[in-house]
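The values are calculated or read from the model by the stated rules, or taken from the named source; none is laboratory data. For clarity, every value in this text was computed on a predicted model and none was experimentally measured. Note that each Cβ is placed from the backbone with ideal geometry, even for glycine, and that neighbours are counted across all protein chains shown. Areas reflect the complete protein model, heavy atoms only, side chains present, ligands, DNA and RNA absent. Shrake-Rupley method; radii C 1.70, N 1.55, O 1.52, S 1.80 Å.
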Amino acid sequence: MREAGVTMSQKITGVKASAGIAIGKAFLLTTPDLQINTVAIEEPANEIQRFQEALARAKNDLEGIVLRVEQEMGTDHADIFKAHLLVLEDPELVDTVKDKITSEKINAESALNDVAQGFIGLFEQMDNEYMRERAADIRDVTKRVLSYLLGVPFAGLGELTEEVIIVADDLTPSDTAQLDRRYVKGFVTDIGGRTSHSAIMARSLEIPAVVGTQGITREVQQATLIILDGHEGIAIIDPSEEEIADYRRKQADYEAQKAELAKLVNDKTVTLDNHHVELAANIGSPEDVAGAIANGAEGVGLFRTEFLYMGRNDFPTEEEQYLAYKHVLEHMGDRPVVIRTLDIGGDKHLSYLALPEEMNPFLGHRAIRLCLDNQELFRTQLRALLRASVHGNLKIMFPMIATLEEFRQAKAILEEEKKSLVNRGIVVSDQYEVGMMIEIPAAALMADQFAREVDFFSIGTNDLIQYTMAADRMNEKVAYLYQPYHPAVLRLLHNVIKAGHAQNKWVGMCGEMAGDPIAIPILLGMGLDEFSMSAGSILPARQQLSRLSAEDAAKQMDTILQMSTSVQVEAFVKEWLERV
Ligand code: PEP
Ligand code: MG
């Protein structure tokens, strides 16, 4: 209830996606209302002049964005905007608009809109995905120029000039690739879960995020003040003075806590009883290595290479990939770097690779399945990896392996590429390891068989949990079934770790569960060797592990594995943690 003169704040709950607190103005990521009316004009020359000015302003914007994105995120991420610049300079489009203004004596916005719609319609009907993508470029650029002609502000992620909290229905992986860390202090979305890729990106950018609010975009106006609490998964719209003061205090406490943790950055990760485990970082781009090192990573446990393929218009070449892998390997020195081959499909798409619509994309033609079917794509990446192997401590990992045949086939292709490189006189290290992700229950159950043929396992719980519980990781409605501590999941994990160790293979985990403070004691008890997580979780995990005893943790396993529900497990671990 609202009292006269008193505005009440509104609290919206969602899924905690990335820790931290942000207080700032909302930037509602929506399409501006570009209402176009056709107006007869007397002087075509004046309209052409207005059109050219709008083009010049749009061009100026885009050049600035290209420079900034290149500096902050690398050249690949700037490719989308370079494509937009090409559209702006395309005489087919520009001259057709000018001719239309002159011949039909109509206003510039109407002429541009008509011409652009014509091109968009044409491209959209083409079979070729690349051409359909050009339609999207023309639509974006047209909106930008129209917004100048109409005097309506253009709301794009590349346009930010002040600190904001993004409010959006969803952020695609390529939206997140354009986020400017200087201005984006956090984001909150209608859809998504903790392991959706926007959430994972937020953690690697170390900005607070709340996802899956199921409707915040309907509640927030542009520029409304918001408090975003990534620890609790809440957003407060229009907060009161008291709430702001309270959250400023929490923000300061969190910063102080981070400063305290920063003291552990150069330490090894050892438990109370001197057992060493490795804490590694998950990264999505070569630029993330700096954050991994700054957060004390002892390795990279997962480089999601698909992000190298996103936010651009064509596949990265072998050379581009080689340079990206070399960068990561060199910066990590002798620390291990696990690079995963392309995992596209599911919720990760490439605009230039036409993938047919599937009924169940997470069960569909994705990751290694797609690579084994598109061998040129796969072989290019493998050559880049093999060439980069001389620059550091490389471990190549195949995603979504379900059967031994798939692993053998992927490994055989790798061997073939290695032989052909060596025959061409190119040096390839003989020290790299070849392993696989365990993210399909069939592979988890057959881990003893796989363990004979791999150098290592890394458990991908984000997918393993969704497949074990048959609960889509993106769907808030079934989030209650997405239970990392469910004994069924824990038994699979235990099986994998035991099977790896029986063959003297190291076992890591690169799913989000590896950085979860409730899961960490259990995983330690099971003997997990490597925990790979968002960079921001490493130091808290190091601190937590320093207070735990590996021997004591191992003793709890019999009890935990005999439990019947996730709730029971969680309560047991919480009680255990209170005792240490
Ligand atoms: C996983 O499934 O746990 C994993 C690490 O892979 P991704 O999140 O990229 O699917
Ligand atoms: Mg996965």
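Just a few scattered comments:
- For S18, residues with placed amide H under 5 Å, excluding near neighbours: A209
- Charge tally in the Cβ shell below 14 Å around M359, where Lys, Arg are +1 and Asp, Glu are -1, M359 excluded: -2
- Backbone phi angles across the stretch 343-351, fed through the Karplus curve with coefficients 6.51, -1.76 and 1.60 (θ = phi - 60°), yield HN-Hα couplings of 10, 9, x, x, 9, 10, 10, 10, 5 Hz in residue order; Gly and Pro are listed as x.
- Against the rule of thumb 2.2 N^0.38 Å, how large the Cα Rg of the stretch 432-580 comes out: 1.00
- Placed amide H near S240: partners under 5 Å, 5+ positions off or other chain: S9
- For the stretch 475-516 versus the stretch 264-281, the spacing of their alpha-carbon centroids is 21 Å.
- Additional length obtainable on full extension of the chain from A40 to D448, 0.36 nm per residue less Cα span: 139.2 nm
- Legend: residue pairs K16/K250; K263/K555; K268/K505; K263/K348; K16/K185; K250/K555, Cα-Cα distance threshold 25 Å; pairs beyond threshold, K263/K555; K263/K348; K250/K555.
- Mean sequence separation of contacting Cα pairs (under 8 Å, at least six apart), scaled by the length of the stretch 44-150, corresponds to a relative contact order of 33 percent.
- Taking a ≥ b ≥ c as the square roots of the eigenvalues of the Cα gyration tensor, the stretch 44-150 is classed as oblate, since a/c reaches at least 1.5 and a/b does not exceed b/c.
- Inter-part distance where the stretch 312-349 and the stretch 352-392 are each reduced to a Cα centre, Å: 12
- Rounded accessible area per residue of the stretch 44-150, 1.4 Å, Å²: 47
- Here the Debye sum runs over all C-alpha atoms of the stretch 178-302 as equal scatterers in vacuum, and log10 of I(q)/I(0) at q = 0.13, 0.23 Å⁻¹ comes out as -0.68, -1.42.
- Considering only alpha-carbon pairs that sit under 8 angstrom and 6 or more positions apart, the relative contact order computed for the stretch 271-579 is 20 percent.
- Paired Rg and Dmax values of the stretch 412-453, which use every Cα atom, in angstrom: 14.4, 41
- Carbon plus sulfur fraction of accessible area for the stretch 44-150, probe 1.4 Å, in percent: 49
- The distance from the alpha carbon centre of the stretch 393-432 to that of the stretch 228-258 is 48 Å, rounded to a whole number.
- Spin-label pair V422/L272, simplified geometry with 7 Å Cα→Cβ offset, distance in nm: 5.0
- Selection of trypsin sites (Lys or Arg not before Pro), the stretch 82-119, meeting DSSP coil and at most 10 other Cβ within 10 Å: none
- Each residue of the stretch 419-428 was assigned a 3J(HN,Hα) from its phi angle through the Karplus curve 6.51 cos²θ - 1.76 cosθ + 1.60 (θ = phi - 60°); the sequence is 4, 5, 5, 4, 4, 8, x, 8, 7, 10 Hz, with glycine and proline shown as x.
- Residue among A324, G527, L464 farthest towards the positive dipole end of the stretch 271-579, charges placed on Cβ: G527
- Net charge, S389 excluded, C-beta distance under 11 Å - Lys, Arg +1, Asp, Glu -1: +3
- Ellipticity estimate at 222 nm from DSSP helix runs (n ≥ 4, -39,500 (n - 2.57)) divided over the chain, nearest 500: -15000 deg cm²/dmol
- 3J(HN,Hα) along the stretch 231-245: 6, 9, x, 10, 10, 10, 8, 6, x, 7, 4, 5, 5, 4, 4 Hz, from the Karplus curve 6.51 cos²θ - 1.76 cosθ + 1.60 with θ = phi - 60°, whole Hz, x for Gly and Pro.
- Taking amide H atoms as placed 1.01 Å from N in the peptide plane, the amide H of S458 lies under 5 Å from those of M436, M437, I438, G508, each 5 or more residues away in sequence or on another chain.
- Local net charge near A108, Cβ-Cβ under 15 Å (Lys/Arg +1, Asp/Glu -1): -2
- When its C-alpha radius of gyration is set against 2.2 N^0.38 Å (N residues), the stretch 375-452 gives a value of 1.16.
- Using C-alpha pairs under 8 Å with a sequence gap of at least 6, the mean separation divided by the residue count of the chain gives a relative contact order of 15 percent.
- Rg and Dmax of the chain, Cα atoms only, in Å: 25.8, 87
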